[in-house]
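Down below is the structure, laid out as structure tokens.
The values are calculated or read from the model by the stated rules, or taken from the named source; none is laboratory data. In this text, all values refer to a predicted model and were calculated from it rather than measured experimentally. All Cβ positions, glycine included, derive from the backbone under ideal geometry; neighbour counts span all protein chains shown. For accessibility, only protein heavy atoms count, side chains too; no ligands or nucleic acids. Shrake-Rupley method; radii C 1.70, N 1.55, O 1.52, S 1.80 Å.
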Amino acid sequence: MIVGVLGAGQLGQMLALAASRLGHQLRFISPDADAPAGHFAELIVADYENEAALAHFVEGLDVATYEFESIPAGAVRYVADRVTTYPPPLALETAQDRAREKECFERLTIPTAPFAVVESMSGVRGALEKTGTPAVLKSRRFGYDGKGQGVIRTRDEIGSAWVKVGGVPAIVESFVKFTRELSIIAVRSSTGEKAFYPLVENHHTDGILRFSLAPAPGVSSQMQATAEDYATRVLDALGYVGVLAIEMFETTDGLVANEMAPRVHNTGHWTIEGADSSQFENHLRAITGMPLGSTEMGGAAGMVNVIGTAPDVQRLRTLDNVHVHMYGKSPAPKRKLGHITVTADDLDGVRSKVAQLRHAMTR
Ligand code: AMP
């Protein structure tokens with residue numbers, strides 16, 4: 001099949017590698033001539049608003065998808081009007097707007113932090129009546145990796161948070177006292193088949209994912225079932241096809257949904273080596289109507305993001321059960337340049353391997 005992908009970053013690169021194993025052909029579109037996926041498959045270099053380029057992109061496609069959340073919704077609608085597009089544009093439009101995303105969780109009775117929509121700084125004052133303090137102000141759109149967010153510990157900080165977020169339409173939500181951050185990667189195929197990977201434990205610094213551990217330690221079968229149930233509600237409500245990630249907080253009162261990503265996700269990169277079938281393979285299987293691959297994992301896996309500066313890749317490649325993925329990007333502060341997955345029989349094995357890896361990365 002010929003699969004069109006809007007966006008061509010590292011997620012596209014890993015989709016392209018999975019596609020070659022499934023016998024699918026990918027075609028990407030991105031304004032970036034040097035986009036990572038362009039080194040692995042056909043790339044149309046054009047702005048997403050360029051209708052002539054979009055018309056060229058959809059020609060002969062069997063199905064289309066996207067790997068980047070900030071794709072203009074209009075471009076996805078244009079493509080979806082001409083070729084079957086998964087996940088459905090509704091899923092992207094929901095995830096692009098934090099207010100709609102939180103309303104979706106609430107409508108599906110998935111626990112989420114109390115929130116209020118705000119248009120102005122004076123609106124923030126009123127919103128705090130509902131959320132209390134501390135609270136987090138988040139721009140409704142284009143927030144990722146902790147960008148477009150400000151914490152309001154006391155009312156004195158309303159002004160600085162509003163400035164930090166850029167004075168744009170936003171939401172205010174209660175600060176969640178979480179014990180850790182988890183995510184569930186779920187997949188639903190065009191035939192309605194569903195599968196879930198084990199919950200993953202995620203560690204962020206400055207809002208950027210640094211490390212994931214799978215399976216998340218100490219997760220009861222009941223907690224896994226609850227996460228799968230929440231994901232199922234979203235998948236079914238949105239008529240979803242493809243991979244969906246939901247980021248959650250673990251609290252003493254249970255799981256609280258934070259946000260969703262309608263695409264393959266950084267907290268699922270470990271599945272390439274850590275699970276029978278990767279999230280990338282399963283996304284492609286789902287959108288092309290193939291049976292889903294097994295999401296079982298034999299042992300345990302850890303994933304370390306390579307951020308800002310590149311390590312000595314040749315040396316890391318000499319370590320056992322250490323799998324280095326570089327995205328071919330030039331180094332820049334806070335930029336995700338690659339990731340490294342370690343696999344072991346159990347979580348203790350992963351932890352000691354990660355310590356060894358970290359040591360090798362800093363030498
Ligand atoms: P987000 O962009 O929503 O994923 O937020 C980035 C990071 O900020 C999350 O991974 C959390 O560590 C933190 N965060 C976001 N929302 C909240 C909240 N309501 N309470 C506490 N921490 C939060």
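Points worth noting:
To keep it simple, each residue is scored yes or no on (1) over 24 Å from His269 (Cβ atoms); (2) of a type in the set (Val, Ile, Thr).
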| residue | (1), (2) |
| --- | --- |
| Lys164 | yes, no |
| Glu173 | yes, no |
| Thr179 | no, yes |
| Lys194 | no, no |
| Leu199 | no, no |
| Gly207 | no, no |
| Gly239 | yes, no |
| Val243 | no, yes |
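- Every condition in (1) more than 15 Å from the ligand (Cβ to nearest atom); (2) in contact with a helix residue (DSSP H, G or I) (Cβ under 9 Å, 6 or more places away or on another chain); (3) not small (Gly, Ala, Ser) holds for Asp156 except the one numbered (2).
- Among the numbered conditions (1) within 16 Å of the ligand (Cβ to nearest atom); (2) buried (at least 21 other Cβ atoms within 10 Å of the Cβ), the only one that Gly132 does not meet is (2).
- First in the stretch 90-107 and touching a residue at least 24 places away in the same chain (Cβ under 8 Å), second anywhere and aromatic (Phe, Trp, Tyr), Cβ under 7 Å, 6 or more apart: Ala91/Tyr240; Leu92/Tyr66; Lys102/Phe115
- Residue in the stretch 86-98 that is more than 16 Å from the ligand (Cβ to nearest atom), basic (Lys, Arg), outside any loop (DSSP other than H, G, I, E, B) and modelled with pLDDT of 95 or more present: no
- Being open to solvent by 10 Å² or more (accessible area, probe 1.4 Å), touching a helix residue (DSSP H, G or I) at 6+ places or on another chain (Cβ under 9 Å) and over 24 Å from Asp97 (Cα atoms) is a condition met by no residue of the stretch 223-237.
- Of all the criteria given as (1) at pLDDT below 95; (2) in contact with a strand residue (DSSP E or B) (Cβ under 9 Å, 6 or more places away or on another chain); (3) open to solvent by 40 Å² or more (accessible area, probe 1.4 Å), the one not satisfied by Val313 is (3).
- Residue match in the stretch 265-273 (condition: without any contact (Cβ under 8 Å) to a residue 60 or more places away in the chain and not polar (S, T, N, Q)): no
- Residue within the stretch 202-221 that is part of a helix (DSSP H, G or I) and either without any contact (Cβ under 8 Å) to a residue 24 or more places away in the chain or within 19 Å of the chain's Cα centre (by Cα) (or both) present: yes
- Within the stretch 31-57, tally of residues that are crowded, with 20+ Cβ neighbours inside 10 Å and without any contact (Cβ under 8 Å) to a residue 24 or more places away in the chain: 0
- Total residues in the stretch 75-115, condition open to solvent by 20 Å² or more (accessible area, probe 1.4 Å) and more than 23 Å from the chain's Cα centre (by Cα): 3
Yes or no, residue by residue, for (1) at pLDDT below 95; (2) polar (S, T, N, Q); (3) farther than 30 Å from Glu157 by Cα:
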position	(1), (2), (3)
Tyr48	no, no, yes
Glu51	no, no, yes
Val58	no, no, yes
Thr84	no, yes, yes
Glu101	no, no, no
Pro114	no, no, no
Val117	no, no, no
Val124	no, no, no
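- Among the residues of the stretch 235-248, those that are in contact with a Leu (Cβ under 8 Å, 6 or more places away or on another chain), away from the ligand (no atom under 16 Å from the Cβ) and either in a helix (DSSP H, G or I) or not small (Gly, Ala, Ser) (or both) comprise Leu235, Ala237, Leu238.
- Any hit, the stretch 282-305, residues being over 28 Å from Ala231 (Cα atoms) and hydroxyl-bearing (Ser, Thr, Tyr): no
- Condition check for Gly293: assigned to a loop (DSSP other than H, G, I, E, B) and under 23 Å from the mean Cα position of the chain (by Cα): yes
- The set of residues in the stretch 252-267 that are open to solvent by 20 Å² or more (accessible area, probe 1.4 Å) and within 18 Å of Ser220 (Cα to Cα) comprises Thr252, Asp253, Gly254, Val256.
- Those residues of the stretch 174-201 which are in contact with a strand residue (DSSP E or B) (Cβ under 7 Å, 6 or more places away or on another chain) and in a loop (DSSP other than H, G, I, E, B), in sequence order: Phe175, Val176, Lys177, Phe178, Thr179, Tyr197, Pro198, Leu199
- Looking across the stretch 174-214 at every residue that is touching a Pro at 6+ places or on another chain (Cβ under 7 Å) and open to solvent by less than 60 Å² (accessible area, probe 1.4 Å), the one that is nearest to the ligand (Cβ to nearest atom) is identified as Ser174.
- The condition (being under 19 Å from Glu173 (Cβ atoms) and open to solvent by 40 Å² or more (accessible area, probe 1.4 Å)) is satisfied by just one residue among Ser160, Ser139: Ser160.
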